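K.L.:
One structure coming up, written as structure tokens, with questions to follow.
The values are calculated or read from the model by the stated rules, or taken from the named source; none is laboratory data. Because the structure is a prediction, the values reported are computed rather than measured. Positions of Cβ are backbone-derived with ideal geometry, glycine not excepted, and every protein chain shown enters the neighbour counts.
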Amino acid sequence: MRQTPETLQDELRAIVLEHDTDFDAATIEVRPSKAGIYTGVTFTVSRVSREQLETLYRAFHAHHLVRVVM
């Protein structure tokens, strides 16, 4: 079964909420790549420490469908 971008977005949102309980899901931006092969997802988090950002980065990087984390 192929995972849809909506499912991926839900999984990544859950990761963000683990690290930033005040996260506003309305700030999520989703866009396809130019070729339509990949989906870009942007999360805006605030008031998190460097340690929280590093942990969030590692959690995104560990997700099996995530290719790049910036």
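K.L.:
Quick one: count up the residues across segment 18-66 that are surrounded by 10 or more Cβ atoms within 10 Å (Cβ to Cβ), within 20 Å of Glu6 (Cβ to Cβ) and without any contact (Cβ under 8 Å) to a residue 60 or more places away in the chain.
P.N.:
Residues flagged as surrounded by 10 or more Cβ atoms within 10 Å (Cβ to Cβ), within 20 Å of Glu6 (Cβ to Cβ) and without any contact (Cβ under 8 Å) to a residue 60 or more places away in the chain within segment 18-66 amount to 20.
K.L.:
Spot the failing condition for Leu8; the list is (1) in contact with a Leu (Cβ under 9 Å, 6 or more places away or on another chain); (2) surrounded by 13 or more Cβ atoms within 10 Å (Cβ to Cβ); (3) without any contact (Cβ under 8 Å) to a residue 40 or more places away in the chain, and only one is missed.
P.N.:
(3)
K.L.:
Follow-up. Residues of segment 3-29 being at pLDDT below 90 and hydrophobic (A, V, I, L, M, F, W, C), which ones?
P.N.:
Leu8
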